[in-house]
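Take a look at the structure set out below.
The values are calculated or read from the model by the stated rules, or taken from the named source; none is laboratory data. What you are looking at is a predicted structure, and each value in this text was computed from that prediction instead of being measured. When we count neighbours, we look across all protein chains shown, and the Cβ atoms used for this are built from the backbone with ideal geometry, even at glycine. To get the accessible areas, we keep the full protein, side chains included, count just its heavy atoms, and leave off ligands, DNA and RNA. Shrake-Rupley method; radii C 1.70, N 1.55, O 1.52, S 1.80 Å.
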Amino acid sequence: IAVDCVAEHVRALRGPASRVCPGCSVYWAAVTERPCTLETFCLPQGFRAEARKKLLDAGLPLMARKRVDDLLWYLENMSTVSRPHPELGRFRDDLARASSKRVMLEL
């Protein structure tokens with residue numbers, strides 16, 4: 001069994017990728033053992049940080065900001081393959097409630 005240092009490769013690619021393709025995200029995922037093309041769904045790099053700033057600028061209370069950050073942390077770490085996260089609709093509703101609909105966070 002060979003183990004590739006995927007994390008090291010991904011970290012090394014993030015800088016050059018952001019210069020060549022601004023707004024792109026580089027991430028790693030264990031998908032399959034066979035070569036294939038799959039569609040993956042994930043939050044874009046920097047989305048959570050931008051959301052934090054928007055919520056702070058809008059003057060949302062700390063606990064509301066924390067709830068939104070917790071939801072985004074979960075989605076940030078739970079990318080999916082072939083279809084959006086099965087709970088995405090519920091997360092959208094939770095985000096709307098947590099942000100008091102004063103801040104538009106588009107997923």
Which value, in Å², gives the accessible area per residue of the range 47-95 when a 1.4 Å probe is used on the protein heavy atoms? 64 Å²
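With a 1.4 Å probe and all protein chains kept in place, how do D57, D93 rank by accessible area, largest first? All intermediate terms of the calculation are to be shown ahead of the outcome.
On the way: D57 110, D93 85 Å².
So the residues, ranked largest to smallest area, are D57, D93.
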Could you tell me the accessible area of K66 in Å² (1.4 Å probe, neighbours in place), rounded to the nearest ten? 100 Å²
Point-to-point label distance, M78-E39, nm (Cα→Cβ direction, 7 Å offset): 2.0 nm
